[in-house]
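For reference, the structure is listed below as structure tokens.
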Amino acid sequence: MTAAILNGRTMSAELKNELRQEVQRYEHRYGHVPGLAIVLVEGDAASGFYSKAILKIAREIGAAARLEPLPAQTTAEELRAALLRLNSDESVHGIIVQMPLPAHLPQELVANTIAPEKDIDGISPKNAGNLCLGLPSFQPSTAAAVIEILERGKIQLEGKHVVVLGRSNVVGKPLALLLLQKNATVTICHSRTPNLASFTRQADVLVAAVGRATMVKAEMVRPGATVIDVGTNALPEGGMVGDVDYATVQEVAGAITPVPGGVGPLTNALLFKQCIAAAWQQAAQRTEAR
Ligand SMILES: Nc1nc(=O)c2c([nH]1)NC[C@@H]1CN(c3ccc(C(=O)N[C@@H](CCC(=O)O)C(=O)O)cc3)C=[N+]21
């Protein structure tokens, strides 16, 4: 058997078409377009690449996006000041800070400074708490991309056993909560889980989000299972591979996401879905206040 391919590029193109229309609808109503600010503290090579990809999507859908580059030696106080400036800038509806940050800048500073109504990557305590409580919230875009790919791929979640490999704040943990909301049975495994294969082999849907190249092997996958690969591991010789050993796993899985061309292309598009939602909320609030 060969697995069906869940094509993130096709799905992303569909989503971007929907978003382009949504941006037009918003612009028609309010006379300006939704705006995203990307804070990029220089130093991480991949972050510059991701930022350019986000700017490209903005052009494709007609939204506004601007890059706020900060030098690598930016202090915590300077980063805080930059975020506060964006919080009070009415043309900015969503703010993301590219991760990872240099070691001298605490991640909590970002989570605690971005205004929750502009925190479209869902990292603030308010959004993370609301997600945990099952209340409306912005969701970390990579976790949301996994849900999007499963829904567009018509993979049922209700009553299914989903095993999530990885417990990060941006993927594993929020994804487990989103899957629970879909009535899946969820198991979270991580680097200290003994006998990993005994868990992964029970999965109807297996999500790999650990950041270790090709660690999921065919013998860890139940025949016919859906395998979602969130990994983006850069290879020293160039290019990238996922956390899943695609060549062998695609022979046993029922459906699988490739890397590249799987979860990645949906991640950045979902950032704009949430930015547009944030813009609607902020515009409605301003109208109310006046
Ligand atoms: N605050 C923050 N939020 C993030 O969501 C965030 C972040 N920081 N830092 C970095 C990670 C990584 N990430 C990706 C986004 C798009 C692709 C993507 O489009 N990938 C293409 C790459 C194409 C290629 O390289 O050939 C693909 O998989 O097909 C991948 C990875 C978002 N992240």
Under the rule a/c < 1.5 gives rounded, and otherwise a/b versus b/c splits prolate from oblate, where does the stretch 31-115 land using the Cα gyration tensor? oblate
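Whole number please: convex hull volume per residue of the Cα set in the stretch 1-158, in Å³?
Value for the stretch 1-158: 149 Å³ per residue.
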With Cβ to Cβ distances under 14 Å as the rule, what net charge do the other residues near L86 carry (K, R +1; D, E -1)? -3
Amide H contacts under 5 Å for E42, restricted to residues at least 5 apart in sequence or on another chain and with H modeled in the peptide plane, are L70, A72
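Computed from the mean reciprocal separation of all distinct C-alpha pairs, what Kirkwood hydrodynamic radius does the stretch 172-249 have, in Å?
That comes to 13.2 Å for the stretch 172-249.
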Please turn the phi angles of the stretch 114-120 into ³J(HN,Hα) values with the Karplus equation 6.51 cos²θ - 1.76 cosθ + 1.60 (θ = phi - 60°), one per residue in order, whole Hz, x for glycine and proline. 4, 4, x, 6, 10, 7, 6
Over all distinct alpha-carbon pairs, what is the Kirkwood Rh of the stretch 125-182 in angstrom? 11.7 Å
Taking the Cβ-Cβ separation of E60 and E219 as r and a Förster radius of 30 Å, what is the calculated FRET efficiency to the nearest 0.05? 0.15
Between N195 and N183, how many nm apart are label points set 7 Å from Cα along the C-beta direction? 3.2 nm
One finds the C-alpha centres of the stretch 218-252 and the stretch 130-206 to be spaced, in Å, by 17 Å
When only DSSP loop residues count, what GluC sites (Glu not before Pro) in the stretch 163-253 have their Cβ near at most 14 other Cβ atoms within 10 Å? E237, E251
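What net charge do the residues around A176 carry, taking every other residue with its C-beta under 13 Å from that of A176, with Lys and Arg at +1 and Asp and Glu at -1?
Here the count lands on +3.
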Sequence-separation-based contact order of the chain, relative, with Cα cut under 8 Å and 6+ spacing, percent: 22 percent
Can you tell me what percent of all Cα-Cα pairs in the stretch 120-238 are more than 21 Å apart? 37 percent
Counting other C-beta atoms within 10 Å, and keeping those with at most 10, which DSSP coil trypsin sites (Lys or Arg not before Pro) do you find in the stretch 153-235? K154, R192
What does the charge count around T226 come to, taking other residues whose C-beta lies under 13 Å from its C-beta (Lys +1, Arg +1, Asp -1, Glu -1)? +1
So what is the orientation-averaged projected area of the chain, using the convex hull of its C-alpha atoms, in nm²? 15.5 nm²
Over the stretch 1-50, one equal point on each Cα, no solvent: what is log10 I(q)/I(0) by the Debye formula at q = 0.27 Å⁻¹? -0.96
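Any read-out appearing in this document is the output of simple, stated calculations on the displayed coordinates, not a laboratory observation. Small disclaimer: the values here were computed from a predicted structure and weren't measured. Methodologically, a virtual Cβ is constructed for each residue, glycine included, from the backbone with ideal geometry; neighbour enumeration extends over all protein chains shown.
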